[in-house]
Amino acid sequence: MISYQPLFRTMKEKKVSSYRLQKEGFSRATYYSIKQGNSVSTNTINQLCQLLNCQVSDIIEFIDDRNCTQKESQ
């Protein structure tokens with residue numbers, strides 16, 4: 001599963017609010033969609049990397065949840 005927790009950590013570290021992202025042209029609706037855990041396009045990831053001057057790994061991370069699912073079914 002893809003997690004956006006790195007984005008929120010990066011924003012906090014860089015002291016960037018969702019309001020500031022919006023002022024710089026990032027869609028408020030897209031931000032709230034990310035907050036809900038919905039998927040976004042690579043263009044959106046690219047835009048966030050540019051706005052925050054960071055790498056993709058500072059925005060998203062992959063969490064392998066197969067192990068949790070397999071353990072629960074046993």
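At-a-glance table
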item: Sum of -39500 (n - 2.57) over DSSP H runs of 4+, divided by residues of the chain (222 nm, nearest 500); result: -15500 deg cm²/dmol
item: Estimated inter-spin distance, SER57 and GLU24, nm [label 7 Å along Cα→Cβ]; result: 2.1 nm
item: Net length gained if the chain between ASN46 and ARG9 were fully extended (0.36 nm per residue, minus Cα distance); result: 11.6 nm
item: Overall form of the stretch 2-73 per C-alpha gyration tensor (a/c, 1.5; a/b vs b/c); result: prolate
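None of the figures in this text is laboratory data; all of them are computed from the coordinates on show. Keep in mind the model is a prediction, meaning the values are calculated, not measured. Positions of Cβ are generated from backbone atoms using ideal geometry, with glycine treated the same way; all protein chains shown enter the neighbour counts.
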